[in-house]
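Enquirer: Before I ask anything, let me first share the structure, which is written out below as structure tokens.
The values are calculated or read from the model by the stated rules, or taken from the named source; none is laboratory data. Predicted model, so just to flag it, every value in this text is computed and none were measured. Reconstructed Cβ throughout: ideal geometry from the backbone, glycine too, with neighbour counts over all protein chains shown.
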Ligand SMILES: [Zn+2]
């Protein structure tokens, strides 16, 4: 697996985390950091939702700043109303739903259309970006433990089309790490029942209580689905440990912001 590269945008005050193996396939993407926005207090400063109590005007300005800094088409977002499942939807043409109102209930979204940016919001859950071998199709997935249990990243990968998954790529963004992600016996048992004893040996750390490695779990699932290990990129940072960089639901409770993972097919992508 390969590691991240930090890119500064040419305009504005924002930075993103990005992965070379997605860039090489022509997929413009980023995992946002919490600074460079206008939100205050618990939401300081680059927060992408008003659902937890942030001022909607400030949230709108944060979206605008990202669009400007990353040179993304204004208000051409395809988002989903995330429900911790494994349903994948295709981005509709001209999608524009900034605050997840009227967004379809799903946890992954794929497209081969240029000019539409896919987005997933997280604050500990794992954001996964997948791309076909030729970069003509891309997807984003929201993988907390429930979505991971249901195999949401593999579903997104399969929805890209394009045949052999061996040349496809996946980027695993910042998420709560095994250092901090304690889960109960019921979570361990659910994974053992569905994915087997070998799987849980790889992805749970034996302790009291269990600790789950979300990135490892999704990587193992993607490799079992046919992805090559060398085509998986990982941002090796824990959202709960790194208060300077990320919002964290586990660390800060309900009243905290959300980061955005986004992706769009660009020059190499085919229009449809
Ligand atoms: Zn941690």
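Enquirer: State yes or no: is residue 37 part of a loop (DSSP other than H, G, I, E, B), modelled with pLDDT under 90 and farther than 20 Å from residue 265 by Cα?
Expert: So residue 37 does not fit the description; no.
Each row is one residue, and each column tells you yes or no for (1) over 17 Å from the mean Cα position of the chain (by Cα); (2) within 23 Å of residue 239 (Cβ to Cβ).
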residue	(1), (2)
62	yes, yes
75	yes, no
88	no, no
92	yes, no
135	yes, no
138	no, yes
143	no, yes
148	no, yes
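Enquirer: Which ones in the range 89-129 are more than 16 Å from residue 27 (Cα to Cα), touching a helix residue (DSSP H, G or I) at 6+ places or on another chain (Cβ under 7 Å) and at pLDDT 95 or above?
Expert: Within the range 89-129, 107, 108, 123, 124, 126 meet the criteria.
Enquirer: Does the range 166-187 hold any residues that are surrounded by fewer than 23 Cβ atoms within 10 Å (Cβ to Cβ) and touching a helix residue (DSSP H, G or I) at 6+ places or on another chain (Cβ under 6 Å), and which are they?
Expert: Scanning the range 166-187 gives a single hit, 187.
Per-residue answers, yes or no, for (1) within 15 Å of residue 110 (Cα to Cα); (2) touching a residue at least 60 places away in the same chain (Cβ under 8 Å); (3) out of contact with any strand residue (DSSP E or B) (no Cβ under 8 Å at 6 or more places or on another chain):
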position: 131; (1), (2), (3): yes, yes, no
position: 138; (1), (2), (3): yes, yes, no
position: 142; (1), (2), (3): yes, yes, no
position: 145; (1), (2), (3): no, yes, no
position: 148; (1), (2), (3): no, yes, no
position: 152; (1), (2), (3): yes, yes, no
position: 166; (1), (2), (3): no, yes, yes
position: 170; (1), (2), (3): yes, yes, no
position: 173; (1), (2), (3): no, yes, no
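Enquirer: Give the residues of the range 40-64 that are within 30 Å of residue 157 (Cα to Cα), in contact (Cβ under 8 Å) with a residue 24 or more places away in the chain and not in a loop (DSSP other than H, G, I, E, B), sorted by residue number.
Expert: 62, 63 - these are the residues of the range 40-64 that are within 30 Å of residue 157 (Cα to Cα), in contact (Cβ under 8 Å) with a residue 24 or more places away in the chain and not in a loop (DSSP other than H, G, I, E, B).
Enquirer: Mind counting the residues in the range 168-192 that are within 20 Å of the chain's Cα centre (by Cα) and away from the ligand (no atom under 16 Å from the Cβ)?
Expert: Of all residues in the range 168-192, those within 20 Å of the chain's Cα centre (by Cα) come to 168-181.
If we keep only those that are away from the ligand (no atom under 16 Å from the Cβ) too, we end up with 168-171.
So the answer is 4.
Enquirer: Further question on the same structure: Out of (1) surrounded by 24 or more Cβ atoms within 10 Å (Cβ to Cβ); (2) more than 16 Å from residue 226 (Cβ to Cβ), what's the single condition that is false for residue 191?
Expert: Condition not satisfied by residue 191: (1).
Enquirer: A further question on this structure: Residue by residue through the range 232-265, note down the ones that are more than 16 Å from the ligand (Cβ to nearest atom), in contact with a helix residue (DSSP H, G or I) (Cβ under 8 Å, 6 or more places away or on another chain) and farther than 23 Å from residue 167 by Cα.
Expert: 255, 257, 260
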